[in-house]
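Asks: Below is a structure I'd like to ask you about.
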Amino acid sequence: MLETTISVLRCLHPRKSVELWFEDEARLGLQPTTRRQWALKGHRPIAPSDTVYQWLYAYAFIQPMNGESMWLLLPTVNSAIMSKALEEFVKEVDPKKETIILLVIDGAGFHVAKNMVIPENIVLRYLPSHTPELQPVEAVWPLLREATHNRHFKTLKCLQDTLIHRCTYLLDHQNVVQERVNFSWISHVLKK
C-alpha cells in the first residue's frame with residue numbers, strides 16, 4: 001500500500017522528491033519511572049517516587065532511512081495542537097515546499113478529526129489498527145525516556161529542560177535513531 005502511494009505521488013509530482021516520515025506522540029510526566037539499576041553488594045538502590053499527575057507530550061517525526069528527526073514538546077494532544085505540530089514540522093523540514101512528505105501516523109481520534117489542518121505538501125497515511133510494531137517511532141521512545149528513568153522532577157519545567165537536552169542529543173546523533181527505526185520493510189518499500 002505504501003509502495004503504491006509513493007509511486008502515485010512520484011507520478012503526480014515529478015519535479016518534487018517524495019520522502020517517507022513517521023510520527024507519533026508519547027506522554028511523559030512528573031511521576032517517575034523506575035528501572036533496575038546497579039548497586040554495591042549489600043546496598044539497596046534508592047529511586048525517587050512521587051505521585052504527581054502532570055504531563056508533557058513529545059511529538060516525534062522520524063525519517064527511518066537516515067535517522068533524521070524533529071521533536072516538539074507540547075502541553076497536550078488534540079487536533080488543534082496536531083495541526084500546529086504539522087505546520088511546525090513542514091517549516092523545519094521543507095520550508096520551500098519542494099518535497100511531498102508521506103507521513104505515516106496511527107489512527108488516534110485527533111489524527112482523523114475533520115478540523116485538523118494538514119499542510120498542502122503532506123499526505124497522511126494511517127497504520128492499521130492495533131499495530132504498534134509497524135510504527136518505527138515506538139522504537140525511539142526508550143531512547144527519549146532513558147533520560148527520565150529513576151529521576152525526580154519537581155516541575156514540568158525541569159522535566160522539559162531534561163527532555164530538550166535529550167531531544168537535542170537525538171537530533172545530533174542520527175545514527176543512534178537510525179539503528180532503532182530503519183526496519184527492513186521500510187527500505188524495501190522505498191526501493192520499489
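The values are calculated or read from the model by the stated rules, or taken from the named source; none is laboratory data. All values derive from a computational prediction rather than experimental measurement. When we count neighbours, we look across all protein chains shown, and the Cβ atoms used for this are built from the backbone with ideal geometry, even at glycine. SASA here: full protein model, heavy atoms, side chains in, ligands and nucleic acids out. Shrake-Rupley method; radii C 1.70, N 1.55, O 1.52, S 1.80 Å.
Asks: Highest GNM mean-square fluctuation, the chain, Cα pairs closer than 10 Å: which of 20, 103, 12?
Replies: Maximum among the listed residues: 12.
Asks: At residue 97 and residue 161, where each label point lies 7 Å from the Cα along Cα→Cβ, what is the point-to-point distance in nanometres?
Replies: Reported label-point gap for residue 97 and residue 161 is 4.0 nm.
Asks: Between residue 44 and residue 65, with labels modelled 7 Å along Cα→Cβ, what's the label distance in nm to one decimal, could you check?
Replies: Result for the modelled spin labels: 5.4 nm.
Asks: So for segment 60-114, taking the charge dipole from beta-carbon charges (+1 Lys/Arg, -1 Asp/Glu), which of 72, 109, 62 sits furthest toward the positive end?
Replies: 109
Asks: What is the Cα coordinate range of the chain on the first, second and third principal axes, sorted by size from largest, in whole angstrom?
Replies: Answer, in whole Å and largest first: 66, 35, 31 Å.
Asks: Quick one: if the Förster radius is 41 Å, what FRET efficiency do residue 2 and residue 175 give, using the C-beta to C-beta distance and rounding to 0.05? Working shown, then result.
Replies: On the way: r = 24 Å, r/R0 = 0.59.
Efficiency computed from Cβ-Cβ geometry: 0.95.
Asks: What is the log10 of I(q)/I(0) for segment 106-156, computed with the Debye formula using one identical point scatterer on each Cα and no solvent, at q = 0.16 Å⁻¹?
Replies: Listed by q, the Debye log ratios stand at -0.74.
Asks: Taking the Cβ of residue 25 as the center, what net charge do the other residues with Cβ under 15 Å away carry, scoring Lys and Arg +1 and Asp and Glu -1?
Replies: Values: positive: 27, 84, 145; negative: 23, 24, 88, 106, 138.
Net local charge, residue 25 excluded: -2.
Asks: For 166, 15, 125, 27, give me the order by solvent-accessible area with a 1.4 Å probe, most accessible first, ignoring ligands, DNA and RNA.
Replies: On the way: 166 35, 15 230, 125 80, 27 120 Å².
Reading off the accessible areas and sorting them downward yields 15, 27, 125, 166.
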